[in-house]
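Single-structure report; data block below.
The values are calculated or read from the model by the stated rules, or taken from the named source; none is laboratory data. The structure displayed is predicted, hence computed values, not measured ones. Note that we place each Cβ from the backbone using ideal geometry, even for glycine, and neighbour counts take in every protein chain shown. What goes into the accessible areas is simple: the full protein's heavy atoms, side chains included, and nothing from ligands, DNA or RNA. Shrake-Rupley method; radii C 1.70, N 1.55, O 1.52, S 1.80 Å.
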Amino acid sequence: MAGIEVRVDSSWAVIALLITYSMYLWASIVYPELSGAGAVGLAILATVLFFGSVLVHELAHALVSQARGIRVQDITLFLFGGATRARVESRGPGDEFLITVVGPLTSLLLAGLFGLVNLAGRDVLPTPLVGTLGYLAWVNLVLGVFNLVPGFPLDGGRLLRSAIWKATGSLQRATRVASVAGQGVGWLLVAAGVASLLAGNLAGGIWFAFIGWFLVQAARSSYQELQLRDLLRGVEAEEVMARNLLRIPPDLSLQDAVDDYFMRYDHGAFPVEEQGRTIGLLTLRGIRRVPREQWPTRWVRELMVPLGDQVLVGPDARMDGVLGKLEDSDANRVLVVQGGEVVGIITPTDLTRWLRRWRALDRSAR
Ligand SMILES: [Zn+2]
């Protein structure tokens, strides 16, 4: 939508079914005059508008982010609502504030709109439809207000973070405070969930505890991610990259490339070298696009990707920047180039391996 990839996580199916079912129960109890099919139809309409509202909230974040020149990776709908992936903190507290605040504002605006249609349609539209619109006004109000709770990574937590960031000039400190607040809010929700469970509200209790636990985990992991970036700031690409790469000659058939390279070594890509110079990169993903029966008659040279189309960094590039490039690029791979020659490749696997070693050594050093 609007050039932004919208994904639906498989966990979303669970919540979509649950909400449709509870809306069906609600419709058949509140409007006993509805037929079974009528109640199901109303439930589906309410669910579609509900997730439509969540999507519009996320789209607001995404569109403002793009307008501020920050690339949006995608929007994902999942069990707990929606998430927009963009490196919002890459620009500064002002942009983070702006991109964040439009989400809850959009939800509040939607609440107002649904409320208005609900009021205006009171005497015109069928009663069940009016009731559904009123319900959606409430849902959007709750979405807007809940998202303003100041616990990272909720929108309110992001707003808190950008304010502290602006005041102190330290993203690190701001994230720590917002993350601790997020964990606090999460634990409060867990406690509220358990209390409501003990009071006999089974479904609501479990749901609150669940959301709370999710928030605690999300707050913790976003702080850990920041710590990781901090650690990587002091590391150069050269230290992490896979080196001593095997080279493929360009005049090899794809079949031979598969047999002698891809099936033998644990790499997803090999540099192609001609007369001592790297001229491109042959990837497993590229080979998979060619039907198997053509492998003996197609050549590495025609299928390789020119170096110019790859993400390139120098050996002394800081790894926090490389991490950003890895996340941004669809290829999932960064080539380390020195004097026009590929001297190494960094994939997420290489980075994970390096981190595992680093942690093991760090622990033993203490
Ligand atoms: Zn939001």
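Structural remarks
- Only Cα pairs under 8 Å and 6+ residues apart enter the sum, and on that basis the relative contact order of the stretch 217-337 stands at 32 percent.
- Extension reserve of the Asn244-Met263 stretch, reckoned as 0.36 nm per residue once the Cα distance is removed: 5.0 nm
- In the full protein context, the stretch 1-91 carries 51 Å² of accessible surface per residue, based on a 1.4 Å probe and ignoring ligands, DNA and RNA.
- Surface accessible to a 1.4 Å probe, Glu33 within the full protein complex, Å²: 130
- Taking a ≥ b ≥ c as the square roots of the eigenvalues of the Cα gyration tensor, an a/c ratio of 1.5 or more together with a/b larger than b/c marks the stretch 35-78 as prolate.
- Largest-first ordering by accessible area, 1.4 Å probe, given options Trp295, Trp187: Trp187, Trp295
- The radius of gyration of the Cα set in the chain, together with its Dmax, comes out at 25.9, 82 angstrom.
- Contour excess over end-to-end distance, with Cα ends at Leu361 and Thr349 and 0.36 nm allotted per residue: 2.5 nm
- Chain lengthening between Val145 and Ser22 when straightened (0.36 nm per residue, less Cα-Cα): 42.0 nm
- Heavy-atom accessible area ranking, 1.4 Å probe, most first, across His57, His267: His267, His57
- Kyte-Doolittle at least -1.0, axis length at least 27 Å by Cα - qualifying DSSP helices, the chain: 11-30, 36-67, 93-120, 127-147, 171-198, 202-233
- In this structure Arg285 has an accessible area near 120 Å², from a 1.4 Å probe over the protein heavy atoms.
- Beta bridges by DSSP in the stretch 227-317, antiparallel share as percent, to the nearest 5: 90
- Rounded to the nearest 10 Å², the accessible area of Phe262 at probe 1.4 Å: 20
- Placing a label point 7 Å from the Cα of Leu312 along the Cα-to-Cβ direction, the residues of the stretch 237-268 whose backbone N falls under 20 Å from that point are 237-250.
- In the chain, the calculated helix contribution to ellipticity at 222 nm averages -20000 deg cm²/dmol per residue, counting -39,500 (n - 2.57) for every DSSP H run with n ≥ 4.
- Sites Arg91 and Phe210, calculated FRET efficiency, Cβ-Cβ separation with R0 30 Å, nearest 0.05: 0.35
- Accessible area, probe 1.4 Å, largest first, for residues Met263, Met319: Met263, Met319
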